[in-house]
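The values are calculated or read from the model by the stated rules, or taken from the named source; none is laboratory data. All values reported here derive from a predicted model rather than from experimental measurement. With ideal geometry, Cβ positions are generated from the backbone for all residues, glycine too; neighbour counts draw on all protein chains shown. When the accessible area is computed, the model is the full protein with side chains, heavy atoms only, and any ligands, DNA or RNA have been set aside. Shrake-Rupley method; radii C 1.70, N 1.55, O 1.52, S 1.80 Å.
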Amino acid sequence: MSLSEQYLSTDDLHPIDIVEHIAEVHDWDFDRVADDQIAMAVEGQWRTYSITLAWSPSDETLRLICTFEMDPPTESLPALYETLNATNDMCWAGAFTYWSAQKLMVWRYGLLLAGEQVASAEQISTAIGVAVSAAERFYPAFQLVAWGGQSPEEAMDIAISEAYGRA
């Protein structure tokens with residue numbers, strides 16, 4: 001049974017309820033921060049990512065942020081911002097930003113559900129997967145620029161390439 005088949009009979013679906021179910025299925029640590037917000041910890045290859053999803057009824061958007069701590073030396077910030085621009089040119093579903101006050105690298109994505117649309121479990125699960133995949137893919141490039149003295153071009157050459165097709 002697919003994740004969404006479990007919800008077909010319910011009339012009043014809240015996107016955060018679906019996210020909570022996904023977290024339970026994957027056995028992720030999570031905290032239902034509020035009725036409209038959930039925070040999770042998702043283990044990746046490079047590190048554990050903090051993922052927060054929040055429902056905004058005013059603009060009917062399910063907001064996803066995936067963060068990891070990063071405190072680069074001040075002198076590497078211009079190169080890091082250049083790397084962020086190059087990275088975002090390669091991303092179509094979401095974008096990275098650096099929140100210097102919080103010392104967090106952030107992947108942001110918004111699923112628009114205007115007109116009382118309902119997000120499927122597959123859509124939400126895919127959004128979480130894309131966020132973690134993007135963080136995993138570009139984490140080495142951010143590290144190389146921030147601490148390895150690599151240029152943005154060198155770091156992006158090393159970033160894990162997207163694979164197409166199947167083996």
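Considering only the Cα atoms of the chain, their convex hull presents on average a projected area of 11.5 nm².
Taking the Kirkwood radius as Rh and the Cα radius of gyration as Rg, the stretch 93-132 has a ratio of Rg/Rh equal to 1.09.
Going from most exposed to least, what order do E122, E75 have by accessible area with a 1.4 Å probe?
From most accessible down to least: E75, E122.
Of the solvent-accessible surface of the stretch 9-167, computed with a 1.4 Å probe and all protein chains present, 49% belongs to carbon and sulfur. With r as the distance between the Cβ atoms of V118 and S58 and R0 = 25 Å, compute the FRET efficiency 1/(1 + (r/R0)^6) and round to 0.05. After rounding to 0.05, the efficiency reads 0.90.
Against the main long axis of the alpha-carbon atoms of the chain, helix 121-147 sits at an angle near 10°.
Once the piece of chain linking E75 and V25 is laid out straight, how much longer is it, given 0.36 nm per residue of separation minus the C-alpha distance between them?
13.7 nm
Rounded to the nearest 10 degrees, the inclination of helix 77-89 to the longest alpha-carbon principal axis of the chain is 50 degrees. log10 I(q)/I(0), Debye, Cα-only the stretch 33-127, no solvent, q = 0.12 Å⁻¹? Summing over Cα pairs of the stretch 33-127 leads to -0.45.
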